[in-house]
1. Keeping to segment 69-87, report how many residues are under 21 Å from residue 59 (Cβ atoms) and either surrounded by 13 or more Cβ atoms within 10 Å (Cβ to Cβ) or touching a Lys or Arg at 6+ places or on another chain (Cβ under 8 Å) (or both).
2. If the requirement is being surrounded by 12 or more Cβ atoms within 10 Å (Cβ to Cβ), β-branched (Val, Ile, Thr), touching a Pro at 6+ places or on another chain (Cβ under 6 Å) and modelled with pLDDT of 65 or more, which of these qualifies: 17, 92, 96?
3. Among the numbered criteria (1) without any contact (Cβ under 8 Å) to a residue 60 or more places away in the chain; (2) out of contact with any Leu (no Cβ under 8 Å at 6 or more places or on another chain), which single criterion is violated by residue 97?
4. If you go through segment 75-82 one residue at a time, do you hit one that is acidic (Asp, Glu) and in a helix (DSSP H, G or I)?
5. Going by the structure shown, is residue 33 modelled with pLDDT of 75 or more, assigned to a loop (DSSP other than H, G, I, E, B) and surrounded by 15 or more Cβ atoms within 10 Å (Cβ to Cβ)?
Amino acid sequence: MRFRQPNRKRHGSHCRVAARDDTASKPCPSDATALTAEQLRALLVRLRASDECHILDLVDPITLLIATGLRESELLGLLWSDFDPDAGTLSVTGKVFRRDGARASTQ
């Protein structure tokens, strides 16, 4: 499956996603470290073996996050119309966010 991700732009110490909302900017964590391939494989094995993750229906969303690099807000904003099974693509067309502590909405 091919994945089309929004244009990720880096502005100084801030990261932006050029999707529907390019106005929000958050500092990129400076102490963030990527997992190694071995660590990711171990994480996926533990995830799939976890009864609690299956009960809470977390296996597929977490696997998708790992496989695509989507942000949580982008994952939550996915619609079935964003998936093209014939082309094998997934397009990020929106995201879910909170506005002034209110309920989540899409953009």
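The values are calculated or read from the model by the stated rules, or taken from the named source; none is laboratory data. Worth saying up front: this structure is predicted, and the values here are computed from it rather than measured. Neighbour counts run over all protein chains shown; Cβ positions are idealised from the backbone, glycine included.
1. Taking segment 69-87 first, the residues under 21 Å from residue 59 (Cβ atoms) are 69-80, 82-83, 85.
With either surrounded by 13 or more Cβ atoms within 10 Å (Cβ to Cβ) or touching a Lys or Arg at 6+ places or on another chain (Cβ under 8 Å) (or both) added as a condition, the list becomes 70-71, 73-78, 82-83.
The qualifying residues number 10.
2. Checking each option against the conditions leaves just 92.
3. Result: residue 97 passes all but (1).
4. First, pick out the residues of segment 75-82 that are acidic (Asp, Glu): 82.
Subsequent filtering for residues that are in a helix (DSSP H, G or I) retains 82.
So far as segment 75-82 goes, yes, one or more of its residues are acidic (Asp, Glu) and in a helix (DSSP H, G or I).
5. Values: modelled with pLDDT of 75 or more: yes; assigned to a loop (DSSP other than H, G, I, E, B): yes; surrounded by 15 or more Cβ atoms within 10 Å (Cβ to Cβ): no.
Criteria not met by residue 33.
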